[in-house]
Structure formats: structure tokens, C-alpha cells
Amino acid sequence: MSTRPDWLTVIPGEAPLVVSLPHTGTEIPAAFERGLVSPWLARKDADWWIERLYDFAPSLGATVIRTTISRTVIDVNRDPSGVSLYPGQATTELCPTTTFDGEPLYEPGAEPTAEQVAKRRALFFDPYHATLHAEIERLRARHDNVVVYDCHSIRSVIPRLFDGALPHFNIGTNGGTTCAPSLSDAIEKICTGSGFSHVVNGRFKGGYITRSLGKPDEGVHAVQMELACRGYMKEPLGPVSEGEWPPSYDEDYAAPMRTALALVLQTCLTFAQFKA
């Protein structure tokens, strides 16, 4: 009998591709609601509709791993030691206390204590990463190479985090260390031909998932894809307020980016299958 928690979804596949969805969750269990400024603010920075944008992944034989827990409860893509992924730049913590815009998530004095953070890590962070490792190990027993593709999105304009409008596609390989250069180059080629803007290892170079799992010398190649929301949804640029965010998912609007992403995932799969 499986002991997997109900907030953790795993769709197992046999292809050498793991698709991670760490920030699409919006669930905030009642035990963790206390002290929050507002439920909307606590869900504001979710990677909205990404699970729908990539819902074709199982048809490729990919293994899909997703948490439904909100990143406000705990962010499974942060270094649990507390070390910043982007030293000197604004970011959020393992258990965020502000939004990306710098708004307080908690009433004064209600922020999670060190003991509470440790409890959240044990409940949510550790099982997510244990599952990632287990699925990679399962696939590595069958394949010489496995690609871990970490899916993200973010609002296009957030002055606290970056200047101007973010490129549509933000490919992160931690400066070329988490995957073979040929994989990054192949993904960039698709982005170049898509009609959308892109950058490699720009503001977002890959979070903890990409950096901790990417070991190309051991046959595990990890890539983070951070999408600017305007590429797949009718995003109001600039500050957003309750009632206008998030916009509903529009399949027709999202179709061009979804087409490009399908090519990206197929390229990841082909790379893993045929890399010498």
C-alpha cells in the first residue's frame, strides 16, 4: 500500500524524463493559515496554470511530480540550509515571509519560527525531494541518462526582483553546470525559433531542485524553465490586485507557447535517449 501523502501527485512514466512542478500548489492547510495577512496574498506568487500548460507531459512517457501545497507554506525549490540562491539579490525564503513584491505575508510577530519551519520541512519539503530522488533512481536503472525538467513561471514585471520585462523563456542551468551544453543549446535553439524572447542563465539560473539534482557526469541533466506569464496568459503588466489576478486560463492564448514547450520536452527526451 502506498504511503504517499495526498498533496503529492506522481504520474510515473518509463521515458528518461522527469517533469517537476514545485510551485503550482495553492493549498494552505488550516494549521498553517494562522497569522497570514490574506489568503489571496498567500497564493499570489503561485506558478499559475503551469500544470495545465504542461499537461501533455505524461503522453511523452515522462514522470510528472507535483505538490499541491502552496509555496507560502514551504518552498520546495529553496536551499533548506538557508543559503541564498541569488546572493545580493532580492529573493524569498524556505518559508517565505513576503511576496515577490515585498509585501508582508504574515501579521507582525506571526512569522514561522525556526521550529515551525523545521516541521514544515519534514512534512512537505523532504517528501518532495525524496520522491524526486526515488524516481530518478528508478529511471537511471533503465536509462544511461535522465533529464529533470523543472517547470516555473513568474509575472513579467516585478521591479523588486529584476529590471524591465523578463524574457518569455528563461533557461537555467546554473551557469552551465547542471546539464550537458548540447542539451542547453538544443533548448535555446527551439526558443530562438519560437518567436518568443529568451535568455540562458539570466536573472534565473535554476533553483535548488536544478542545482541539487543536476549531475551531468552521473547521467542526470537538470534544466529549469522559468516562463514569463505574458507568454501563456493575458497578464496585466505591473502590480496586480485581488480580483484581476490570476487571469483565467485561455487555451487559445496559451497555444503558441505550449507548442514550443512540447518541442522543448521532446528535445529533452531525445537527448536522454540518444546521448552517447
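Readers should treat all values here as calculations from the given coordinates under stated rules, not as data from a laboratory. Predicted, not measured: the structure shown is a model, and the values here were computed from it. Cβ atoms come from the backbone with ideal geometry, glycine included; neighbour counts cover every protein chain shown.
What number of residues within the stretch 216-245 are in contact (Cβ under 8 Å) with a residue 24 or more places away in the chain and surrounded by 15 or more Cβ atoms within 10 Å (Cβ to Cβ)? Spell out how you get there, then give the answer.
Our first condition is that a residue be in contact (Cβ under 8 Å) with a residue 24 or more places away in the chain; within the stretch 216-245, this holds for 216, 219-233, 235, 237-240, 242, 245.
This time we only want the ones that are surrounded by 15 or more Cβ atoms within 10 Å (Cβ to Cβ), so: 216, 219-233, 235, 240, 245.
So the count comes out to 19.
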Fill in the blank from the handout: Pairing a residue in the stretch 116-134 that is polar (S, T, N, Q) with any residue that is assigned to a helix (DSSP H, G or I), where Cβ atoms lie under 9 Å and the two sit 6 or more apart in sequence or on different chains, gives Gln116/Phe32
Fill in the blank from the handout: Ser184 vs (1) touching a Leu at 6+ places or on another chain (Cβ under 9 Å); (2) assigned to a helix (DSSP H, G or I); (3) small (Gly, Ala, Ser): all pass except (1)
Handout entry: Candidate set: the stretch 193-225, residues that are in a helix (DSSP H, G or I) and in contact with a strand residue (DSSP E or B) (Cβ under 7 Å, 6 or more places away or on another chain); chosen: the one farthest from Asp126 (Cα to Cα)
Key = Thr210
Fill in the blank from the handout: Apart from one, (1) more than 21 Å from Arg71 (Cβ to Cβ); (2) surrounded by 13 or more Cβ atoms within 10 Å (Cβ to Cβ); (3) touching a residue at least 40 places away in the same chain (Cβ under 8 Å) all hold for Val148; the odd one out is (1)
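Which of the residues that make up the stretch 189-225 are small (Gly, Ala, Ser) and at negative phi? If you could, list the steps in order and put the result at the bottom.
Initially, the stretch 189-225 is screened for residues small (Gly, Ala, Ser), giving 193-195, 197, 202, 206-207, 212, 214, 219, 222.
Within the stretch 189-225, Gly193, Ser194, Ser197, Gly202, Gly207, Ser212, Gly214, Ala222 meet the criteria.
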Practice task
Among residues belonging to the stretch 70-86 that are of a type outside the set (Val, Ile, Thr) and buried (at least 17 other Cβ atoms within 10 Å of the Cβ), point out the one that is farthest from His152 (Cα to Cα).
Solution key: Pro80
Practice task
For the stretch 241-263, indicate whether the set of residues that are more than 17 Å from the chain's Cα centre (by Cα), of a type in the set (Val, Ile, Thr) and within 28 Å of Ile74 (Cα to Cα) is non-empty.
Solution key: no
